[in-house]
Each structure stands twice: as structure tokens, then as C-alpha cells.
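Below is one structure, written out as C-alpha cells, with a few remarks after it.
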Amino acid sequence: MIPAKKLVMIPGPVPVSLSVLQKLGSEVKAHTDPEFVAEFQSLLSELRSITNCDGIAFLVAGSGTMGMEMAIANIADEKDKVLVCSNGHFGDRYISICRNRGLDITTMEAEWGKSVTPEEVDRELSKGGYTVAVMTHVETSTGVELHLEKMAEMMKERHPDVLFVVDGVAAGGGVKADMAWGIDVYFTCTQKAFCCVPGMAIVWAGQRALKKREELKSIRESYVDYARWIPVMTDTKKYWGTPAVNNISALKESVRIMLEEGLEERYRRHRNHAALIVEAMAALGFRTLAEDDLRSPTLSIFLYPENMPVEDLSFRESCADEGALLAACLGEYAGKGFRMGHMGNIDKHMLISAIAAIERAAISCGLDVKPGAALAVMQLGLAGK
Ligand SMILES: *Cc1c(COP(=O)(O)O)cnc(C)c1O
């Protein structure tokens, strides 16, 4: 039997377009090559426009976790009082990163499936003394989307002196984030909704964040220090660490695809597809971990129905055999469901194939489902009915 082509439906890495992959396979240019220098500079200006950033977009080799470190290292030291809000596993990771740096932090944790609210954050910040607040735009362990615009508006209105840092790793490029809402630092990495391969982080720092970096004088870190990268990001002929030339060309192509689709259209498509997938999975008896009005456009955590006849691992293995790779749940939800990414350049064929693979796995595992139930939802939705 010919094995099914495996669609990578995890929350990053995601399927990558052939034209992007071809850039990775092209001849390696010198980082000083004028063609590359121009391409890099133009990409940085496109990146700035994507989040409406009034400062600098730093594009640096490393994963999203490096982006987390870079964002906090350049905005806070021991003299700062930092509020770190967590909606799940990656929020908890940020708490531990801030704690390791020896920062003075206070934590606020939402129950899994829920989100910290502007009211709660306002109440905490109103106690006074805070200089930085950190939150996660889309929490990858729970599929929860922070209502970022509302949160940022509250911050801007009620706590204008507190710098606002947002982990947008699982959101950037798939969910709108406009830094003019009142966001000082936003970051993501290339293997999620920016739809490129793993390997680089993008950290957007607005003018207020850049000013704060100056006030910190020297920081412990070197590789992720804004001060070291500012000359490069403002004039790509300059050197600090060798830029990942092929990855940068690949990201340029990926951004070209994003801009060709149109950002607003892209954000709308992510929301529409997410709603459709949730409805299709409900037809198979799966519900989401995230509360209804907090479901992320980029990924979903689906919990198994009560009468699930098989173990988590054999269900996900069966999905993989049928052609859809899904991720395990984290924390106390491990074994109770799976995580599905639906971000990036996922077209109708991929969506139908992924849902069809899950439906076949459900049938072969003995779940009591009507064949075609989930697909019927997808077909109607994708046909605009
Ligand atoms: C994936 C992810 C990270 C970590 O990114 P890596 O590239 O795996 O280091 C951080 N935060 C969130 C919200 C994520 O989804």
C-alpha cells in the first residue's frame, strides 16, 4: 500500500510552500552580497509594516524561545517590577525564564482553557510599582487566544507607563496584532503562522521599548542584545552575528505570499477555518479545551469524547497512518486529547484531507461516528454554504 502523505497539522512547524523551500536549497550568498543586503533590508521593512511597528524588527537566528529571552533581556533588569501572566504551558515557560534572570516578578495564572482578563490585570497593576507586563497572545497548550486589542487598550488607558510585552509565537502572521493598540514588544518565530521553516525569531520593539533598552545601559547578554543588532537591522550591510542568509531569503518569499494574500484576508481566513474545524470536530464528538469565545484562530486543542475506545497514542498514530500528524496535549491534559495546528498557508485540499484523515481514524478506532459527518460540515463551509 502507498503510505498516505503526512500533513503536518501540529502547532508548528507547519507545511511550507515549495517556493519557500526552494530558497533554502539555492546557492549560499555572502551576507555582504548587495543583492542579499537589499533583500534583507526590504524584508525588515515588510516585517515592521506587518505589526505596524514604530521601532525596529529584529530578525535573528534562533527559535521562539530565544525570542522570549531577547524580549525580556532588553526591557527589564533587577530594578524592574514585572507582571508575568500565564494562560498555560508557554506562559509558565516565560515565568521560569524571567525567574532565571533574577527579575522581580509577580505571576498571574489563568485556569487552563481560560485567559487572564483586562479587569484582573488592571487590578494587579493598580497596586502600583510595575514597569513591565508580559502576556501570551495565543497559548499553544490550551488553544486560548488572549483578547489582545482589549488588553492593550486597557494598558494604554490605565497603565500608560507599564511596558507591554507579548509572546505572539503561535499567533503572529495568523492573528492580527497592531502595536499601535499599545504593545511595546511583540515577537514570533518563523515556523508557525509565518509559514517558513524553524530557525529564526522576529522581535518587534517599538520606540518606547528601544528607549528602555538605552536606559538599561549594558545588559548581561550579547547575542540577543538589541544594542548589538540595531546597527545591522537599520543597515543590513553591517555585521554582528552572521545572518541566516538562506533562511532570510526563504522568509522573504514566505512574506511575499502572505502580503499577496493580504493580511486582513489572511486573518479572516484563519478565523473562518478555525470555526469550521471546530464545528466539524464537534460532529465527531470532540470539544475544545478553550472556552468558546477564547478559541484561537491558529490552533485548537480537541478533547476526546467520553466513550473514546482507544488510548491517546493509538488514536494519534492512527491519524498519522491516515495522513494527519497531530500533537499530544500538555500538562494535566496529556492523554485527554490532541493539539491541532491550522495556521499558515493551509488550503482547502489540505483542510479536507486533514479532517478526512481524522474522521477515518475515528472510524477505524471504533468511535461511534457517522462516516462523512465531519466532512459534510467542511464541504458546506468551504463551499460558502
Ligand atoms: C512554540 C511556542 C514557543 C516556543 O517556540 P520555539 O520555537 O519552540 O522555541 C513559545 N511560545 C509560544 C506561545 C509557542 O507557541
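The values are calculated or read from the model by the stated rules, or taken from the named source; none is laboratory data. All of these numbers come straight from a predicted model, not from anything done at the bench. Note that we place each Cβ from the backbone using ideal geometry, even for glycine, and neighbour counts take in every protein chain shown. Quick note on the areas: whole protein, heavy atoms, side chains included, nothing else; ligands and nucleic acids left out. Shrake-Rupley method; radii C 1.70, N 1.55, O 1.52, S 1.80 Å.
Can you pull out every residue in the stretch 176-194 that is within 14 Å of the ligand (Cβ to nearest atom) and either assigned to a loop (DSSP other than H, G, I, E, B) or surrounded by fewer than 24 Cβ atoms within 10 Å (Cβ to Cβ) (or both)?
A177, T190, Q191, K192, A193, F194
Please work out if I355 is assigned by TED's automatic domain parsing to the domain that holds H273, at pLDDT below 95, of a type in the set (A, V, I, L, M) and open to solvent by less than 20 Å² (accessible area, probe 1.4 Å).
Numbers: assigned by TED's automatic domain parsing to the domain that holds H273: yes; at pLDDT below 95: no; of a type in the set (A, V, I, L, M): yes; open to solvent by less than 20 Å² (accessible area, probe 1.4 Å): yes.
It is false that I355 is assigned by TED's automatic domain parsing to the domain that holds H273, at pLDDT below 95, of a type in the set (A, V, I, L, M) and open to solvent by less than 20 Å² (accessible area, probe 1.4 Å).
Does R123 qualify as being within 16 Å of the chain's Cα centre (by Cα) and surrounded by fewer than 23 Cβ atoms within 10 Å (Cβ to Cβ)?
Details: within 16 Å of the chain's Cα centre (by Cα): no; surrounded by fewer than 23 Cβ atoms within 10 Å (Cβ to Cβ): yes.
For R123, the condition - within 16 Å of the chain's Cα centre (by Cα) and surrounded by fewer than 23 Cβ atoms within 10 Å (Cβ to Cβ) - is not met.
Out of the residues in the stretch 132-163 meeting the condition of being closer than 25 Å to G341 by Cα and of a type in the set (D, E), tell me which one is farthest from the chain's Cα centre (by Cα).
Ranking the qualifying residues of the stretch 132-163, first place goes to E149.
Which numbered condition trips up I202, out of (1) more than 23 Å from K81 (Cβ to Cβ); (2) more than 15 Å from the ligand (Cβ to nearest atom)?
Status for I202: all satisfied but (2).
Can you tell me which residues in the stretch 8-22 are more than 16 Å from the ligand (Cβ to nearest atom) and open to solvent by less than 20 Å² (accessible area, probe 1.4 Å)?
V20
Hand me the list of strands (runs of 3 or more DSSP E) wholly inside the stretch 23-129 holding 3 or more residues that are in contact (Cβ under 8 Å) with a residue 60 or more places away in the chain, of a type outside the set (D, E, K, R) and within 16 Å of the ligand (Cβ to nearest atom).
Hits in the stretch 23-129: 56-61.
Could you tell me whether any residue of the stretch 134-151 is assigned to a helix (DSSP H, G or I), open to solvent by 10 Å² or more (accessible area, probe 1.4 Å) and in the same structural domain as C189 (by TED's automatic domain parsing)?
yes
Which of (1) under 28 Å from I50 (Cα atoms); (2) surrounded by 15 or more Cβ atoms within 10 Å (Cβ to Cβ) does A275 not meet, given it meets every other one?
(2)
Please specify each residue of the stretch 322-352 satisfying the condition of being open to solvent by 40 Å² or more (accessible area, probe 1.4 Å), free of Cβ contacts under 8 Å to residues at least 24 places away in the same chain and small (G, A, S).
A334, the sole residue that qualifies.
Taking into account only those residues within the stretch 152-171 that are in contact with a Phe, Trp or Tyr (Cβ under 6 Å, 6 or more places away or on another chain) and part of a helix (DSSP H, G or I), which is farthest from the ligand (Cβ to nearest atom)?
Applying the filter and picking the extreme gives M155.
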